[in-house]
Amino acid sequence: MATILDGKALAAKVKEQVKQEAEGMARKPGLAVIIVGNNPASRVYVNSKRKDCEECGFLSEEYALPEETTQQELITLIQELNGRADIDGILCQLPLPDGIDEEAVLMAISPEKDVDGFHPMNMGALLVGKDGFLPCTPYGIMEILAEYNIDPKGKRCVVIGRSNIVGKPMALLLLQKHGTVTICHSRTQDLGEVCRTADILVAAVGKVNVVTADMVKPGAVVIDVAMNRNEAGKLCGDVDYPAVEKVASAITPVPGGVGPMTRAMLMKNTLLAAQKHQG
Ligand code: GUN
């Protein structure tokens, strides 16, 4: 039986620490969240972010823009928020409607307020090992590993997925901690063979049962980033949890694993941004 890596409990701890630090500040940290259009999943995420801000005692502003918002209108709003002294973090919920260039929008957010860590300046800082905002999901996963004394040093780490938001930064953070890192993706040949080499396996694909028990080395640590729904409509990740849990030494559940830590690290990044802005 694997140890269950309880992201929900750790997230509560992180948010409590963030709240306490925020209470001691001259001005409360401020987060602006922008949502464009009517994506139902995005709406759920944005509502959670508002709730997290309330819990941490942050100023929280939401900008819900209609589907037909133009790229220029969105960038103009971001520029206004860049100039606001009471807003420390700006997050533009992805995906954006068709016709809006995500990269151009993310580039418009000031790197000092980019609490998602998606701006190329922050991505570049991570690449070369300089200080910057870390993307919340991989940052949260590193916190889970640290909490459970799982040290990537010298370990074989396999990341499935090469997105800018999760896969690539995840690989860089594991590398920074001296892991031996392999990134797998849709063109990888014999995914199972590569995965079976992993001491730490991170799945970030977004497809049910990508990782089955035969792909997991006995005793491996398995991190499941995805949030899918199976045929029965039940929330599940990329990993065949009931079977893999019998093989792994530790595993994140879905829900209650990586998801809550992603949210907690957004609060942490907003606190860090506010601390920098206040000197
Ligand atoms: N859409 C799905 N996940 C995220 C995230 O972490 N940040 C933003 N901005 N949009 C998302």
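We did not get these values from a lab; they are worked out from the coordinates using the rules stated. Just so it is clear, the model here is predicted, and its values are computed rather than measured. Cβ atoms come from the backbone with ideal geometry, glycine included; neighbour counts cover every protein chain shown.
Things worth noting here:
- Looking across the stretch 29-55, the residues that are surrounded by fewer than 18 Cβ atoms within 10 Å (Cβ to Cβ) and basic (Lys, Arg) come down to Arg43, Arg50, Lys51.
- Sole residue being under 14 Å from Ala264 (Cα atoms) and touching a helix residue (DSSP H, G or I) at 6+ places or on another chain (Cβ under 8 Å), chosen from Pro169, Pro135: Pro135
- Enumeration of residues in the stretch 14-28 that are under 18 Å from Ile90 (Cα atoms) and within 20 Å of the chain's Cα centre (by Cα): Val18
- Selection over the stretch 107-120 of residues that are closer than 14 Å to Ile165 by Cα and not aromatic (Phe, Trp, Tyr) gives a count of 6.
- Residue match in the stretch 22-33 (condition: closer than 18 Å to Leu266 by Cα, without any contact (Cβ under 8 Å) to a residue 60 or more places away in the chain and of a type in the set (A, V, I, L, M, F, W, C)): yes
- Residues in the stretch 115-160 that are more than 14 Å from Gly179 (Cβ to Cβ), touching a Cys at 6+ places or on another chain (Cβ under 8 Å) and more than 12 Å from the ligand (Cβ to nearest atom): Ile160 only.
- Cβ-Cβ distances below 6 Å connect the following pairs, each with a first residue in the stretch 45-64 that is touching a residue at least 12 places away in the same chain (Cβ under 8 Å), a second residue that is more than 15 Å from the ligand (Cβ to nearest atom) and β-branched (Val, Ile, Thr), and a separation of six or more residues or different chains: Cys56/Val18.
- Listed conditions (1) among the hydrophobic types (A, V, I, L, M, F, W, C); (2) surrounded by 22 or more Cβ atoms within 10 Å (Cβ to Cβ); (3) in contact with an Asp or Glu (Cβ under 8 Å, 6 or more places away or on another chain) are all met by Ile141, apart from (3).
- Residue count for the stretch 159-171, restricted to those that are without any contact (Cβ under 8 Å) to a residue 40 or more places away in the chain and either of a type in the set (Asp, Glu) or part of a loop (DSSP other than H, G, I, E, B) (or both): 1
- When Gly161 is tested against (1) crowded, with 22+ Cβ neighbours inside 10 Å; (2) closer than 25 Å to Lys15 by Cα; (3) not aromatic (Phe, Trp, Tyr), only condition (2) is not met.
- Residue check, Asp131 surrounded by 21 or more Cβ atoms within 10 Å (Cβ to Cβ) and more than 17 Å from Val225 (Cβ to Cβ): no
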